[in-house]
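This report concerns only the one structure given below.
The values are calculated or read from the model by the stated rules, or taken from the named source; none is laboratory data. Everything numeric here is computed off the predicted structure, so don't read it as measured data. Positions of Cβ are backbone-derived with ideal geometry, glycine not excepted, and every protein chain shown enters the neighbour counts.
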């Protein structure tokens, strides 16, 4: 009889422990003995970010694939030339802003990712950087950013870079 009672208590303890591990209880015994149940806060999954598709899918070049991989992206052959160019231009632009504002052309990847998302999610910034990149390609400039025009778009990206670097 004692072994059956002990078995039931062990099973109950394991069940309560598993409930606690799943986040359904606040204390080790799920609030069973405390009279109140504390709330367990779950971290929400990261917000899924995306930008509108542009260009003709499947037109990405091998040169763009290499450049994207060199910048820690995983492109697919389904990307368009324009999408790859926009991402590469955005990275070049945000690094130029960081160099001017933070004195660091290669800020931490987390900061770069946040700035990239900021640019790509905002229609005005996305359109500006797209035109900026197209103009650079027309005159044959690739790679490093030249002196950037200090307009509203620059100021917005610079403020976000400063805020991210401080926070």
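Residue by residue, here is whether (1) buried (at least 18 other Cβ atoms within 10 Å of the Cβ); (2) closer than 29 Å to residue 63 by Cα; (3) modelled with pLDDT of 95 or more holds:
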site: 134; (1), (2), (3): no, yes, no
site: 137; (1), (2), (3): no, yes, no
site: 153; (1), (2), (3): yes, yes, yes
site: 156; (1), (2), (3): no, no, yes
site: 165; (1), (2), (3): no, no, no
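Which is closer than 22 Å to residue 148 by Cβ and modelled with pLDDT of 50 or more, of 11, 67? Spell out the reasoning first.
Numbers: 11 fails: closer than 22 Å to residue 148 by Cβ.
When all the criteria are applied, what remains is 67.
Can you find even one residue in the range 106-129 that is in a loop (DSSP other than H, G, I, E, B) and surrounded by fewer than 17 Cβ atoms within 10 Å (Cβ to Cβ)?
Applying the first criterion (in a loop (DSSP other than H, G, I, E, B)) to the range 106-129 yields 106-108, 122.
Retained after the next criterion (residues that are surrounded by fewer than 17 Cβ atoms within 10 Å (Cβ to Cβ)): 106, 108.
Checked the range 106-129: at least one residue is in a loop (DSSP other than H, G, I, E, B) and surrounded by fewer than 17 Cβ atoms within 10 Å (Cβ to Cβ).
When you check residue 114 against the structure, is it in the same structural domain as residue 92 (by TED's automatic domain parsing) and closer than 17 Å to residue 95 by Cβ, yes or no?
yes
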